[in-house]
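The values are calculated or read from the model by the stated rules, or taken from the named source; none is laboratory data. Quantities reported herein were computed from a predicted structural model and do not represent experimental measurements. Note that we place each Cβ from the backbone using ideal geometry, even for glycine, and neighbour counts take in every protein chain shown. Ligands, DNA and RNA are stripped out before the accessible areas are found, and what is left, the full protein with its side chains, is counted by its heavy atoms. Shrake-Rupley method; radii C 1.70, N 1.55, O 1.52, S 1.80 Å.
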Amino acid sequence: MSLTFQIQKTRGLARRATLTLPHGAVETPVFMPVGTQGTVKAIPQHLLEELDVRILLGNTYHLYLRPGHEEIRRMDGLHRFMSWDRAILTDSGGFQVFSLSELRKVTEDGVAFRSHIDGSSHFFSPEHSMDVQIALGSDIGMAFDECTEYPADHARARVSLNRTLGWARRSRDHFEQRKHDRPWGQRSAFGVQRSENEPDLLADRFEGKTPSLFGIVQGGMFADLRRECTERLVEMDFPGYAIGGLSVGEPRELTREMIATTLPLLPADKPRYVMGVGYPDEIAEYARMGVDMMDCVLPTRAARHGLLFTSEGRLNIRNRQYAEDQGPADPACGCMVCRRYSRAYLRHLMAAQEPLAAVLNTVHNLAFYLETMRKVREEIAAETVSQESRMGDQAVGESMKR
Ligand SMILES: [Zn+2]
């Protein structure tokens, strides 16, 4: 099997499961760091392994433009290219292309756009997005969808939804035809001599395995459209489903409402992924609602601006008050940064604009997000929820809101 999803334990609506992919097993609910350009910004792959990251995201749009998906295919795929032997999920490129509002033109066939790098002209169709994702060699690809902007009225959201459904079918049909062309596990493809010392390239490990494609639920902020989209995608029988078009500027209550509307309509035995969320208390909340996978640039982007997530709330490490603070970023965190470096030193690195600031801040923030999910997994698996841990979580939630 190319994807298995084994639920070990449920608690309320939450599920504790193991998602097994061609490049290894992922314990869910999981937070997936974003590796936009084949790198989680500022963090080398061996540190991601030390943080126990089991799956990360690659961005199709960025990798297509630079270095190019055919280049990456010739380098045996993204795993080999970036020396990452664990799982990778790629987005469809749609979200980035639609973000280029000045530079794009949308038709039923696909999206014409100009590169943000050099202004060159490009065209993404569902079929092309599938070809790019297969060339990159991700374990999980995403259907090409239209991310409905916010705010959008009902009529506009419906047009967008119909387009997404048509594109989902085309994505699925094309992906099914081409998925065996993935770059890994091709014993003698592309004229490259395989050595016995490169077990990840041998066909045996990937015998019969291919990438899997997830469908994406859209429908703007309208419960009836979300419902309709979910039902029609489920008929197409994807191995997993994402809820997209959220965290695009809407109030948080609406995000939560759309997730709550959609989740019960998705097949209980397949993974559910909410794209592009959120703050630490949000990802914990959504995991407790039954979401299995989430990703967000927040921990990594905030880190580069000196914003640290801690058990005591958010902390801006640039503040003067930390100039002589010898304590760790987060006294409750056991990450490699908190064990070794002081707030005063982290603040100094930011002030001096040292590259190490981005590295250390990002390691801590990722550790905090991963630990947040680990605690939720533990809570789901536990026989009883202790009063103490429940109150602790509440404290985190409260401090994040401030
Ligand atoms: Zn830490």
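Let's see how each residue does on (1) in contact (Cβ under 8 Å) with a residue 24 or more places away in the chain; (2) over 19 Å from residue 214 (Cβ atoms); (3) touching a Ser or Thr at 6+ places or on another chain (Cβ under 9 Å); (4) not small (Gly, Ala, Ser):
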residue: 61; (1), (2), (3), (4): yes, no, yes, yes
residue: 91; (1), (2), (3), (4): yes, no, yes, yes
residue: 107; (1), (2), (3), (4): no, yes, no, yes
residue: 111; (1), (2), (3), (4): no, yes, yes, yes
residue: 126; (1), (2), (3), (4): yes, no, yes, yes
residue: 129; (1), (2), (3), (4): yes, no, yes, no
residue: 133; (1), (2), (3), (4): yes, no, yes, yes
residue: 140; (1), (2), (3), (4): yes, no, yes, yes
Whichever residue in region 237-257 is in contact with a Gly (Cβ under 6 Å, 6 or more places away or on another chain) and farther than 18 Å from residue 285 by Cα and, among such residues, is surrounded by the most Cβ atoms within 10 Å (Cβ to Cβ): 241
Subset of region 25-39 [open to solvent by less than 30 Å² (accessible area, probe 1.4 Å) and not in a loop (DSSP other than H, G, I, E, B)]: 26, 28, 30, 31, 32, 34, 35
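Would a scan of region 68-78 turn up a residue that is outside any helix (DSSP H, G or I), open to solvent by 10 Å² or more (accessible area, probe 1.4 Å) and modelled with pLDDT of 95 or more? Working first, answer last.
Quick first cut of region 68-78, residues outside any helix (DSSP H, G or I) only: 68, 75-77.
Still in the list and also open to solvent by 10 Å² or more (accessible area, probe 1.4 Å): 75-76.
If we keep only those that are modelled with pLDDT of 95 or more as well, we get none.
No - not one qualifying residue is present in region 68-78.
Could you please find all residues in region 102-146 being of a type in the set (Val, Ile, Thr), part of a loop (DSSP other than H, G, I, E, B) and within 25 Å of the chain's Cα centre (by Cα)? Lay out the reasoning, then the answer.
Restricting attention to region 102-146, the residues satisfying the condition of being of a type in the set (Val, Ile, Thr) are 106-107, 111, 117, 132, 134, 140.
Next, from what is left, pick out any that are part of a loop (DSSP other than H, G, I, E, B): 107, 117.
Listed by number, the list holds a single entry, 117.
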Is it fair to say residue 359 is of a type outside the set (Lys, Arg), open to solvent by less than 40 Å² (accessible area, probe 1.4 Å), part of a helix (DSSP H, G or I) and within 14 Å of the ligand (Cβ to nearest atom)? yes
Residues of region 299-314 being open to solvent by 10 Å² or more (accessible area, probe 1.4 Å) and either within 13 Å of residue 338 (Cβ to Cβ) or of a type in the set (Phe, Trp, Tyr) (or both), in sequence order, are 311, 312
Could you give me the residue pairs with C-beta distances under 8 Å whose first residue belongs to region 327-341 and is open to solvent by 10 Å² or more (accessible area, probe 1.4 Å), whose second residue is charged (D, E, K, R) and near the ligand (Cβ under 7 Å from one of its atoms) wherever it lies, and which are 6+ apart or on separate chains? 338/330
Could you count how many residues in region 245-266 are within 23 Å of residue 94 (Cα to Cα), among the β-branched types (Val, Ile, Thr) and not in a loop (DSSP other than H, G, I, E, B)? 3
Show the residue pairs meeting these rules: Cβ distance below 7 Å; 6+ apart or different chains; first residue within region 154-173 and without any contact (Cβ under 8 Å) to a residue 12 or more places away in the chain; second residue part of a helix (DSSP H, G or I) and charged (D, E, K, R). none
Considering region 313-356 alone, what residues qualify as being more than 14 Å from the ligand (Cβ to nearest atom) and assigned to a helix (DSSP H, G or I)? 320, 321, 322, 344, 347, 348, 349, 350, 351, 355, 356
Criterion first (assigned to a helix (DSSP H, G or I) and either closer than 25 Å to residue 8 by Cβ or in contact with a Gly (Cβ under 9 Å, 6 or more places away or on another chain) (or both)) does residue 269 satisfy it? no
Please tell me if residue 371 is under 30 Å from residue 18 (Cα atoms), open to solvent by 50 Å² or more (accessible area, probe 1.4 Å) and modelled with pLDDT of 95 or more. yes
Filter result (closer than 15 Å to residue 23 by Cβ, open to solvent by 50 Å² or more (accessible area, probe 1.4 Å) and not in a loop (DSSP other than H, G, I, E, B)) within region 40-54: 49
Scan of region 263-285 for residues that are open to solvent by 20 Å² or more (accessible area, probe 1.4 Å) and not charged (D, E, K, R), ordered by number: 264, 265, 267, 268, 275, 276, 279
